[in-house]
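Since the structure comes first, as structure tokens, the remarks are kept for the end.
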Amino acid sequence: MASRISLSGSEWHIRKDEINPEDFLAGAPLTGGRHGWVRALVPGNIQSDLETAHIFKPLWYGVGDPALADAARHDWWYCRDFDINGTDPDQRVHLVFGGVDEDCEVWLNGVRIGGHAGMYQQFWFEVSDTIQREEKNRIIVKLNRMPEVLVPSLIASDGAYSGGKTPYNFIQGVNRTRQVLKRLKSPTNFSYDWGTNIWTLGIWKDVCLEITGAARIAWIQVSSRLNGSHREASVPVSIEVDSDRDLDCRTVFILSGNGADESIAQLVSLKKGNNRIEAVLTVHNPTLWWPCGQGEQPLYTVEARLEDMAAQVIDSKTVRTGIREIRWEQVEGAPEDFINPFRLIVNGRPVRTMGSNLVPPDLLFGRIMERGPRLLQLAKAAGINTLRLWGGGVILPEGMYDLADELGILLFQEFPMANCLPERDKEFLVNLEDTVRNIVRQIRNHPSIIEWSGGNEMAWVQGTDHPALHVMERV
């Protein structure tokens, strides 16, 4: 039987003194060092945990604490213990991170199981042979410090905008970071004209264990198409499956909610490695999802399930989505030099977008859910039906997209790049494509997302021939 065990919460601790994770096994006391261990929250940030422990002054009051920036010049360690008693020894176990900011290494029970760089990607490690099923386990995550070469850019990133005698400004810091890392880090770290300069570190999204049979569903994709009368909807569903062997099994796709109960089953032969399985569900008289002010926001549940030939569940994944159809229509008679001669059509009806811009609700991204939901509710109360998710920020936590679906707030999602003409070298372009594909897979099923954009105030214009632009168009 497939299951999921959350490792998020307040059972984590952090410290910055060097440790040997191979000697630091489950049960060893969290003591010692110059500063010892500090209780931490996941999702969270190193800086917010130190603020909660009253080691740093609060970010949002007064001029802030200079130590907020200095914290990033040290390596930091996360640690927590857990158990998974009762799991079948034949089941596969994956340790899944929703997002780590920004460069990490991971140990389980003293064994280094891997590393990852890039704050926007969901990633995982199979730990079936490392995890202890009848004893306590200890996970340790090392966050590597920011590159020292970037420290001058961070410290002086507001530069002349605050009267400082420095050649640096936030755009220089953003560009230099991308050039050094060869990947994307939130431009917000360099203050812009509304924040403060702080290099964030932390496990800023959820962590869990996924326990499955021989095959695991890595990703699920759901979309919808309406017929001309809107009395029927086609709902294509696809899953990406990783199997540790050749395997004959059955896939079951189920759509439910708003009076619907549709399913389709099919026999499949999985190959060892990566597999893709597709099906199309049909919904008669669908209840359509509308932007706020245009109608209701009914949501459907779609479950994808893998079963063995004895009908035992190997793995399953469930998502919420809305049935709607969106397109952009060119306005007849618009002047040739009109910047945007298009209008939005939702479910066959023209919709006027009334919008605003959303920057990260908190500069410490792990606690966005403390402030963010209220901003979405206020936006709807103010008559706003569209928000641009600014490319200088971050990809929001899943809960923010869920709430936008429920409120009927339309989202223009920008990829997290800003104020630049990106590099053309192969290493950066490969990382960019991996990141963009991962982001799209994470949030593509939300009906609130109506458009994807290449970033904020990028240095390309219509007709620009740039490989980074081609990467995003291809994805």
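Tell me, what are the semi-axes, in whole angstrom and largest first, of the equivalent ellipsoid of the chain as set by the roots of 5 times the Cα gyration tensor eigenvalues?
Working: eigenvalues 259, 222, 77 Å².
The equivalent ellipsoid of the chain has semi-axes of 36, 33, 20 Å.
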Cβ-based charge dipole, the chain, positive-most Cα from H466, N419, V237: N419
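Under the 0.36 nm per residue contour assumption, what length would be gained going from the current alpha-carbon distance of M369 and E336 to full extension?
7.6 nm
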E329/C208 FRET efficiency (R0 56 Å; Cβ-Cβ; nearest 0.05): 0.85
Dipole magnitude of region 213-321, debye to nearest 20 (Cβ charges: Lys/Arg +1, Asp/Glu -1, about Cα centre): 200 debye
Cα pair distances in region 226-342, grouped into 5 Å bins until the bin that holds the longest one, percent each: 2, 9, 17, 17, 13, 11, 10, 8, 5, 4, 2, 1, 0
Note, ³J(HN,Hα) from phi for region 405-417, Karplus 6.51, -1.76, 1.60, rounded to Hz, x at Gly and Pro: 4, 6, 8, x, 8, 6, 10, 9, 8, 8, 6, x, 10
Proxy reagent accessibility, fewest Cβ within 10 Å first, across M458, M400, M354, M309: M309, M354, M458, M400
DSSP-defined antiparallel bridges as percent of all bridges, the chain, nearest 5: 90 percent
Residue among I323, W194, I449 farthest towards the positive dipole end of the chain, charges placed on Cβ: W194
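To the nearest µm²/s, what D does Stokes-Einstein give for region 318-475 at 4 °C and 1.567 mPa s, using the Kirkwood radius over alpha carbon pairs as Rh?
Working: Rh = 17.1 Å.
Answer from the Stokes-Einstein relation: 76 µm²/s.
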Nonlocal amide H pairs with C292, under 5 Å, H built at 1.01 Å: I409, L410
Distant-in-sequence amide H partners of L270 (H built 1.01 Å from N, under 5 Å): L247, D248, C249
HN-Hα J in Hz across region 383-399 - Karplus 6.51, -1.76, 1.60, θ = phi - 60°, x for Gly and Pro: x, 7, 10, 9, 10, 8, 8, 4, x, x, x, 9, 7, 5, x, 3, x
Alpha-carbon centroid distance for the pair region 228-262 / region 365-384, whole angstrom: 32 Å
Positive-pole candidate from G173, T87, F365, dipole of the chain, charges at beta carbon: G173
Part-to-part distance (alpha-carbon centres) for region 424-475 and region 337-360, which is given in Å: 20 Å
Simple Cβ-charge dipole of the chain, Lys/Arg +1 and Asp/Glu -1, about Cα centre, in debye nearest 20: 640 debye
Inter-label distance, nm, simple model (7 Å from Cα along the C-beta direction), T353/R225: 2.4 nm
R4-D402 pseudo-label distance in nm [points 7 Å out on the Cα-to-Cβ vector]: 0.9 nm
Pairs of lysine residues in the chain - Cα separation under 17 Å, sequence separation of 8 or more or cross-chain: 4
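Among S128, S269, which comes first, second and so on when ranked by fewest other beta-carbon atoms within 10 Å? Mind showing how you got there, number by number?
Working: S128 16, S269 9.
By the 10 Å Cβ count, ascending: S269, S128.
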Under the Karplus curve 6.51 cos²θ - 1.76 cosθ + 1.60, θ = phi - 60°, whole-Hz ³J(HN,Hα) for region 86-94, x wherever Gly or Pro sits: x, 7, 6, x, 8, 6, 7, 10, 10
Residue order, fewest to most surrounding Cβ atoms within 10 angstrom, among M472, M417: M472, M417
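With charges only on Cβ, +1 for K and R and -1 for D and E, what is the dipole size of region 178-267 about its Cα centre, in debye, rounded to 20?
Working: 10 positive and 11 negative charges, 108 e Å.
Charge dipole, region 178-267, about its Cα centre: 520 debye, nearest 20.
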Rough spin-label spacing in nm, given labels placed 7 Å along Cα→Cβ, for D17 and V313: 4.5 nm
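Run through the DSSP bridge list for region 326-474 and note the antiparallel percent, rounded to the nearest 5.
On the way: 8 of 21 bridges.
If I count the DSSP bridges inside region 326-474, around 40 percent turn out antiparallel.
No lab work stands behind these numbers, since they all come straight from the coordinates. Small disclaimer: the values here were computed from a predicted structure and weren't measured. Note: ideal-geometry Cβ built from the backbone for every residue, glycine included; neighbour counts use all protein chains shown.
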